[in-house]
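Q: This is the structure I have questions about; it appears just below.
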Amino acid sequence: MAHDLFLAARAAMAKAYAPYSKFPVGAALRTEDGRVFAGANIEVASYPEGWCAETTALGHYVMAGGGQITEIAVTAERMARITPCGGCRQRLAEFAGPEAKLYLCDETGVVETVTLGEMLPYGFKGEILK
């Protein structure tokens, strides 16, 4: 199952708009009901005001009605084992529990699996804002 998520992330990465950094990234999320949402990074001339691949995937996910995210794959053309940036770790934690699997990939597939909780052990919790 992880490999198909990698393939979705890689396909999204092929659509990245990264003319400034030349660093395309793709991400794919799977919800507990099996739906997959993918996204690529998108840069703008007011650098660094673009958005990350994970943010794009989350936008598709939210617009489709959301759900619990159980798996996440991230891949980059020029970096093996890329992880979500700090901001994206927090964004992902908003919709995925700490047990969600995070697949770190190279150009051929998944090379390491960690949990979101391992990547963001002390993330902000929304209930403190209520």
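Q: Place a +1 charge on the Cβ of each Lys and Arg in the stretch 2-129 and a -1 charge on the Cβ of each Asp and Glu, then give the dipole magnitude about the Cα centre in debye, rounded to the nearest 20.
A: 220 debye
Q: Label the stretch 12-94 by shape, choosing from rounded, prolate and oblate, from the square roots a ≥ b ≥ c of the eigenvalues of the Cα gyration tensor; if a/c is under 1.5 it is rounded, and otherwise prolate applies when a/b is larger than b/c, oblate when it is not. Don't jump to the answer; show the numbers that get you there.
A: Details: a/c = 1.90, a/b = 1.65, b/c = 1.15.
Because a/c hits 1.5 or more and a/b exceeds b/c, the stretch 12-94 counts as prolate.
Q: Next question, about the same structure. Return the lysines within reach of residue 125: Cα separation strictly under 28 angstrom, same-chain partners fewer than 8 residues apart disregarded; answer none if there are no such residues.
A: Within reach: 101.
Q: For a quick protection proxy, order the peptides 105-113, 51-59 by their average other-Cβ count within 10 Å, most packed first.
A: 51-59, 105-113
None of the figures in this text is laboratory data; all of them are computed from the coordinates on show. Note that this is a predicted model, so its numbers are computed, not measured. No Cβ is skipped: glycine too gets one built from the backbone with ideal geometry, and neighbour counts run over all protein chains shown.
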